[in-house]
1. Can you tell me which residue among 4, 36 is over 15 Å from residue 89 (Cα atoms) and under 10 Å from the mean Cα position of the chain (by Cα)?
2. Which residues, counting only those in region 67-96, are under 14 Å from residue 15 (Cα atoms) and touching a residue at least 60 places away in the same chain (Cβ under 8 Å)?
3. Considering region 54-75 alone, what residues qualify as being under 12 Å from the mean Cα position of the chain (by Cα) and either more than 10 Å from residue 1 (Cβ to Cβ) or in a strand (DSSP E or B) (or both)?
4. Would you mind telling me which numbered condition in (1) under 17 Å from residue 91 (Cβ atoms); (2) under 14 Å from the mean Cα position of the chain (by Cα) residue 41 fails?
5. Of all the strands (runs of 3 or more DSSP E) wholly in region 1-50, which have at least 3 residues that are in contact with a helix residue (DSSP H, G or I) (Cβ under 8 Å, 6 or more places away or on another chain) and surrounded by 12 or more Cβ atoms within 10 Å (Cβ to Cβ)?
6. Please go through region 76-92 and pick out each residue that is out of contact with any strand residue (DSSP E or B) (no Cβ under 6 Å at 6 or more places or on another chain) and part of a loop (DSSP other than H, G, I, E, B).
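Every read-out reported here was derived from the displayed coordinates using simple, explicitly stated rules and does not represent laboratory data. From a predicted model like this one, the values you see are computed outputs, not experimental measurements. Don't worry about glycine lacking a Cβ; one is built from the backbone with ideal geometry, like all the others, and counts go over all protein chains shown.
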């Protein structure tokens, strides 16, 4: 998995993508999604590192079945909040 952290107006935005999807484009129906390197790719992380990053982020953008599964296990989201694009999970999480 790759992760990139953005600090904007005292808020932390976390972008995470499974490694195998970086740089690829996905289409399904009227959905067009590009897993851009410049948005997601900064540091390669482990599942344990992702668990820690999820706790500290104010908002999270995730693309990939592996990384989304980690958020589901932590109870941050459930299956009804997940969008599937070509069978790959995508979710955005906003902590209020």
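1. Criteria check complete, one pass: 4.
2. 67
3. Listed by number, the residues that qualify are 54, 57, 59, 60, 61, 62, 63, 65, 68, 69, 71, 72.
4. Residue 41 satisfies all of (1) under 17 Å from residue 91 (Cβ atoms); (2) under 14 Å from the mean Cα position of the chain (by Cα) except (1).
5. Hits in region 1-50: 2-8, 11-17.
6. Answer for region 76-92, where residues must be out of contact with any strand residue (DSSP E or B) (no Cβ under 6 Å at 6 or more places or on another chain) and part of a loop (DSSP other than H, G, I, E, B): 78, 87.
Conditions (1) out of contact with any strand residue (DSSP E or B) (no Cβ under 6 Å at 6 or more places or on another chain); (2) closer than 18 Å to residue 70 by Cα; (3) touching a residue at least 60 places away in the same chain (Cβ under 8 Å), marked per residue:
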residue	(1), (2), (3)
2	no, yes, no
9	yes, no, no
16	no, yes, no
23	yes, no, no
42	no, no, no
54	yes, yes, no
